[in-house]
Amino acid sequence: PKALTAVKADVALSHDGKALKLDPLNATLDASKVNGYVHVLNPEGPVLRAKLTIDSLNLDNYLPPTAEAKAASAPVPASAVAPAATAKAGSAGAQDPFAALRPMDLVVEASVGQLVAAKARMSDVALKLTSKGGVIKVNPLAANLYEGKFKGNITVDARNKTPKIHVVEHLTNIQVGQ
């Protein structure tokens, strides 16, 4: 299926000082319906609050072409690569890829009724992502899959150049081989 071919949105947009609010947000992207809100309370940082409910989403539809599809397309000559693109590789962001995460203040809640990712089929997916001062947490992270349940949480402590990652996951009654 073709991705990014149908977009429709009904959004109430308001602005008050630094705050920009899309509330309510009702959108359709391809076959997915999205409802909720996005509040950018301050673009510096940024400070963002969001709650989104998605009825169904197939992330596999948005993956780049497979190796077979790439081989069928013509290769891009090296002379076609923009010099600016290669110059960015040596920038400060490449030296500390987590620097942009530290000032973010995020609280994002999301739920997906039906989700396909890497051919895995899940339902009732729920997550809450928070980021403050360089500590990013996804807690809870839950889904039903293959007649069982997944529950877990992830913490990325990016306050320093070398991040610390902590993952806790619990799988219950997952039917293997389905």
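The values are calculated or read from the model by the stated rules, or taken from the named source; none is laboratory data. All of these numbers come straight from a predicted model, not from anything done at the bench. All Cβ positions, glycine included, derive from the backbone under ideal geometry; neighbour counts span all protein chains shown. Just so you know, the surface numbers come from the protein's heavy atoms only, side chains and all, with ligands and any DNA or RNA stripped out. Shrake-Rupley method; radii C 1.70, N 1.55, O 1.52, S 1.80 Å.
Just a few scattered comments:
- The residue that is nearest to Arg102 (Cα to Cα), counting only those in segment 166-178 that are open to solvent by 50 Å² or more (accessible area, probe 1.4 Å) and part of a strand (DSSP E or B), is His166.
- Residue in segment 30-42 that is without any contact (Cβ under 8 Å) to a residue 24 or more places away in the chain, open to solvent by 60 Å² or more (accessible area, probe 1.4 Å), over 24 Å from Ala126 (Cα atoms) and of a type outside the set (Gly, Ala, Ser) present: no
- Residue among Lys161, Lys132, Lys128 that alone is on the phi < 0 side of the Ramachandran plot, open to solvent by 40 Å² or more (accessible area, probe 1.4 Å), in contact (Cβ under 8 Å) with a residue 60 or more places away in the chain and not hydrophobic (A, V, I, L, M, F, W, C): Lys161
- A search for C-beta distances below 8 Å between a residue of segment 1-25 that is at positive phi and of a type in the set (Lys, Arg) and any residue that is at pLDDT 95 or above and outside any loop (DSSP other than H, G, I, E, B), counting only pairs 6+ apart in sequence or on different chains, returns nothing.
- Segment 102-165 holds strands (runs of 3 or more DSSP E) entirely within its bounds, and those carrying 3 or more residues that are more than 25 Å from Leu22 (Cα to Cα) map to 120-132, 135-145, 148-157.
- Residues within segment 99-115 that are within 19 Å of Asn35 (Cα to Cα), open to solvent by less than 30 Å² (accessible area, probe 1.4 Å) and over 14 Å from the mean Cα position of the chain (by Cα), tallied: 1
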